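The block underneath contains the structure these notes are about, expressed in structure tokens.
The values are calculated or read from the model by the stated rules, or taken from the named source; none is laboratory data. Given the structure is predicted, the values throughout are model-derived calculations rather than measurements. Because the Cβ atoms are built from the backbone with ideal geometry, glycine has one as well, and the counts that use them run over all protein chains shown.
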Amino acid sequence: MAGRRRTIILAASIAAVTALGLGVWRYGPGLAVDLAADALTRRGLGPVAVGARHFADGALVLSDVTLGQPADGASPASGAHARQMTFAFTLDALLDGRLADLRIDGLTLRLVDGQPGPFAPLLQPASAAEETAPAPLTLPVDGATIDDVDAAWLAADGTPLLRFQGSAGADRLSSDPDITLTGRLAWSTADGATDAAADLALSARLSRADGRERIELGGDVAPAGGGPGWHVDRDRPVPVAFTLTRSLIDGGVRIDLADCLNLPTLTLDAEETTLRLTEGRLCPVEGQPLLDLTDGARSVQGVLAGARIDGDAVTGRLPTVTLAGDPLNGPLQMTASDGDLRLPSADLAISGLAVEAGIEAPDAPEPVVTIGRLSARLTDIASPLRFAPLDIALSGRAAAQGIELAGDVRDPQRRVRADITLSHDPAAGRGTALVRLPAITWARERLQPADLVPAAGGIVTGVTGQTAATATIRWGGGPLRLRLVASLANAGFTAEAATVSGLTGQMVLTGPDPWVTDGPQTLEIGRIEAGLPLTDGRMTAILTPTTFDVVNAEWPFAGGRLSVEPVRVPLSAGDRRVILRAENLELGLLAAFADEPALNADGRISGFVPVVLGEEGIRIDHAEFTGQAGRLSWASDTAEAAAGSASEGADLLARALEDFRMRHLRLTLDGPLEGELTAGLSLAGSSPAVYDGYPMEINLDVRGPLAQLLSVEGRLFDSGAEGFGQSLVKEQSRMKSRSPE
């Protein structure tokens, strides 16, 4: 009997437990939902409301689940709404305290900036006493799927600042889950100026070991959109692969790139130009994380390599930039190398661009960048070349208040160096650069201006002496402004029309559009040779935007003075006319230039020489000299031999010039300086050796290059010389008609 009773009790107990289990299986999840909603509400994460619930295919289905009020997605209020939530259970999962599967359809979530609503408790920072170790990123769910997600962070007026629309899924959320995320992430500013988005197709695997949580993430990101002055064109998805490691002790995060990350094409729009940045890559420093915020560390290390820039103003390859250090507290170091750029509008190329810089306190209110080195080679790519390559090396500091740099510029052979100091005010957009060029010693076969400015080789050669200069350059608030002070010490050069030496003085020019002198400029000219040598001269001139104005130019010459009449010479193409004035030149000193030892003269002459400077060279335009009483004596064996073999007139001319007493002299000159000149000589006077000193006139015309005209011995008596025979006959007849009977 007792055994039977025990059997009945055991059977009843089994039935009761089975009934209780079935009741928990059937109604327990629904009861758990109510208990969970009440618990969330008590913690301030509410109110929570469920529209309807039912079981289908062994799963609990909840409809119209809301968190907060109204949280329906149509209002800027903070909250969440799910169209349907499905909880799938298995007995094993329930006994293990987890769900078999979770599916959420139509999830809308809104968080309003400054109005967290039901999410306030989650956003409040914990006090020091409440701080606990970070929780693992796992949930008691075997698998989860969220379809049709619309989650947004809103401005107070409802404008979306950050929004994700898409879907997510995960397997093994309770252990080492695999997670997928597909959709579109958009971000904007409250004023609507920035509007950008990225299509995402990402997958991740989560694992834990040694107190750390590791997320390996990879996939494709396709960004598009932009903001003020920039935009990204969606051309192709960008592959991404990196690992995020989180400490389960202090919450520190570390990010490691698996490989270089290809950056999307970025377009920068300025007021008058557009720049496109392409082919850029963000690469890891070997063996180092991109970002490390673990174990008290705070560092960033990465390489931005290979970026290309293209635009109207600049094109080429940007330098490879390496960044390393603490991005908040510092120091943060940056190095850049191997930049190669072209500036088409300026016909310039920049190669080997390199920078070494650092920031001691990046999070300071006014951080200061220390530039240890900024170097590059500047090359002229214009045709013809304006200057030889220059190596630039600068250092200094940069801050919001201003940029200050100092250094030098050298030619690649290190023959010339100029010192530079530069300052720039970013707020005002104004700056100043001071360039000091120490004295350069020019020497033939060593250093010439053409070595630095190739175009100078077609203007001057054989430059000697010393040159020093200081240039002040100002920019901002209008066109570029430059002031150049150049000092010359005993300088010399050879040009097409003259050789100059002993050039001393200072010139002050402002420009560059256009170049003008700062008032009259005066130079001492030791010697200038342009057919005749001129020494100890002085010139004062003014350069205007359209003319070169000679105020005064004079040289002592042949016991008298040569000067240039004040003249305004146009800088435009075409002939320019300058008049040289000769005053009281001594005939005896002039005769020395004829290189005829037997030629002697005394007396003085004055006159003028109109000089035309044109594309075909220098031309003398009907120069004329006149003189009064004087004496001319020329007796040489060559002249006597030439006259003896010529006509009777030539013989009379030779005897007359042995001792000619002048009452009047007139000399003319006309023709190109480098070609055939025509010289005319008219003498009025008498000679004791001819007709007993009876008054006579002698008129001679001779043609030839200047050097031959100065060496006249024999030419005056060459009856075969062009134009001389007719003149000789004329003078011979005139002298016969005046001879006494």
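Data overview
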{"read-out": "Residue match in the stretch 446-464 (condition: exposed (fewer than 15 other Cβ atoms within 10 Å of the Cβ) and in contact (Cβ under 8 Å) with a residue 60 or more places away in the chain)", "value": "yes"}
{"read-out": "Odd one out for ILE381 among (1) among the aliphatic types (A, V, I, L, M); (2) loosely packed, with under 15 Cβ neighbours inside 10 Å; (3) over 23 Å from GLY339 (Cβ atoms)", "value": "(3)"}
{"read-out": "Meets criteria (over 24 Å from MET334 (Cα atoms) and not β-branched (Val, Ile, Thr)) for GLU286", "value": "no"}
{"read-out": "Residue count, the stretch 529-539 (criterion: within 42 Å of the chain's Cα centre (by Cα) and buried (at least 17 other Cβ atoms within 10 Å of the Cβ))", "value": "1"}
{"read-out": "In the stretch 588-598, residue surrounded by the fewest Cβ atoms within 10 Å (Cβ to Cβ) [restricted to those that are free of Cβ contacts under 8 Å to residues at least 60 places away in the same chain and within 17 Å of ARG561 (Cβ to Cβ)]", "value": "LEU589"}
{"read-out": "Which numbered condition ALA428 misses (of (1) of a type in the set (A, V, I, L, M); (2) free of Cβ contacts under 8 Å to residues at least 40 places away in the same chain; (3) out of contact with any His (no Cβ under 7 Å at 6 or more places or on another chain); (4) over 26 Å from GLY492 (Cβ atoms))", "value": "(2)"}
{"read-out": "Positions within the stretch 133-151 being modelled with pLDDT under 90 and crowded, with 16+ Cβ neighbours inside 10 Å, in sequence order", "value": "THR138, VAL141, ASP142, GLY143, ALA144"}
{"read-out": "Filter result (modelled with pLDDT of 90 or more, closer than 19 Å to GLU272 by Cβ and charged (D, E, K, R)) within the stretch 291-318", "value": "ASP310"}
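Listed here are the residues, each with its yes/no results for (1) basic (Lys, Arg); (2) closer than 21 Å to PRO672 by Cβ.
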{"residue": "GLY574", "(1), (2)": "no, yes"}
{"residue": "LEU580", "(1), (2)": "no, yes"}
{"residue": "ASN584", "(1), (2)": "no, no"}
{"residue": "GLY588", "(1), (2)": "no, no"}
{"residue": "ALA592", "(1), (2)": "no, no"}
{"residue": "ARG604", "(1), (2)": "yes, no"}
{"residue": "VAL609", "(1), (2)": "no, yes"}
